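See below for the structure under consideration.
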Amino acid sequence: HAGFEFSSQIELGRGFEFLASGLLGRYLFASRPDFYIFDQFGKASVVQKIYLLNFFVPNTPQHALTGGLKFNFKRNGFAQLNLSYVDKNYVELNPLRRTESAVADIDRNDPVFRQFIDQEKLPAYLVVDANVFRSFIIYGRFLAVSLSVNNLLNNTSLRSGGFEQNRLDTKTLDPSQFPNKYFNLQGINFFLNLNLSLN
């Protein structure tokens, strides 16, 4: 794992601020682990090398950037609009497809070999979020109210992760017989929080 993170906060005046943060990384498997198969009814066992070296660690974005405009109220609150960008996110690998025996019958020059071996990169996406916070003192008690609206554009086709199925068509060796499965972000969603201090 290698990379760096950054954040910044810039005063624009008249109550406005620009906020930005992000991470740029490169997360790779650094070894070729052994895969063990045991027969529960006998003493037979098989050991195979899984060729995972330099494949990407799955289901975590390796590039993530967010920028926002924040307006601070004159007293006890703020409103903020954020734009987030996510990229370099890869699906979880099926280790069986990266063993020597799995690809033994596939010509290395055949396009099917690349389909069988290559790790799928999920599409990059943008998300817009907004939130408002306000606090009050009422009869000596502290009351805070916050409202967050996530995925403001209600985009339900955004893929946050996925995995290769642990099934293989050993006759055709066609990976499309058992296609990858995906996780999608929720559409627009709202969170309303109330915080009342009784002390």
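If I filter the stretch 134-151 for residues that are open to solvent by 30 Å² or more (accessible area, probe 1.4 Å), of a type outside the set (F, W, Y) and under 18 Å from the mean Cα position of the chain (by Cα), do I get at least one hit? Yes; the residues of the stretch 134-151 include at least one that is open to solvent by 30 Å² or more (accessible area, probe 1.4 Å), of a type outside the set (F, W, Y) and under 18 Å from the mean Cα position of the chain (by Cα). Checked against the criterion of being on the phi < 0 side of the Ramachandran plot, touching a Ser or Thr at 6+ places or on another chain (Cβ under 8 Å) and modelled with pLDDT of 90 or more, the candidates R134, R159 yield just one match: R134.
Residues of the stretch 168-199 that are farther than 30 Å from R134 by Cα, in contact (Cβ under 8 Å) with a residue 24 or more places away in the chain and either open to solvent by 50 Å² or more (accessible area, probe 1.4 Å) or of a type outside the set (A, V, I, L, M) (or both): L168, D174, P175, S176, N180, Y182, F183, N184. Taken as a whole, the stretch 111-120 holds at least one residue that is in contact with a strand residue (DSSP E or B) (Cβ under 9 Å, 6 or more places away or on another chain), under 17 Å from N59 (Cα atoms) and in contact (Cβ under 8 Å) with a residue 24 or more places away in the chain. Just to be sure, is Q48 more than 30 Å from N155 (Cβ to Cβ), assigned to a strand (DSSP E or B) and either of a type in the set (S, T, N, Q) or at pLDDT 95 or above (or both)? Against the criterion (more than 30 Å from N155 (Cβ to Cβ), assigned to a strand (DSSP E or B) and either of a type in the set (S, T, N, Q) or at pLDDT 95 or above (or both)), Q48 qualifies. Scanning the stretch 63-75 for residues that are surrounded by fewer than 15 Cβ atoms within 10 Å (Cβ to Cβ), in contact (Cβ under 8 Å) with a residue 24 or more places away in the chain and over 15 Å from S8 (Cβ atoms) yields a total of 2. Among the numbered conditions (1) outside any strand (DSSP E or B); (2) polar (S, T, N, Q); (3) loosely packed, with under 11 Cβ neighbours inside 10 Å; (4) in contact (Cβ under 8 Å) with a residue 12 or more places away in the chain, the only one that T60 does not meet is (3).
One residue is enough: does the stretch 65-82 have a residue meeting the conditions closer than 30 Å to V128 by Cα, polar (S, T, N, Q) and assigned to a loop (DSSP other than H, G, I, E, B)? Yes, the stretch 65-82 contains at least one residue that is closer than 30 Å to V128 by Cα, polar (S, T, N, Q) and assigned to a loop (DSSP other than H, G, I, E, B).
The values are calculated or read from the model by the stated rules, or taken from the named source; none is laboratory data. Because the structure is predicted, anything quoted here is derived from the model rather than measured. Don't worry about glycine lacking a Cβ; one is built from the backbone with ideal geometry, like all the others, and counts go over all protein chains shown. Remember, those area values only see protein heavy atoms, side chains included, never the ligands or the DNA or RNA. Shrake-Rupley method; radii C 1.70, N 1.55, O 1.52, S 1.80 Å.
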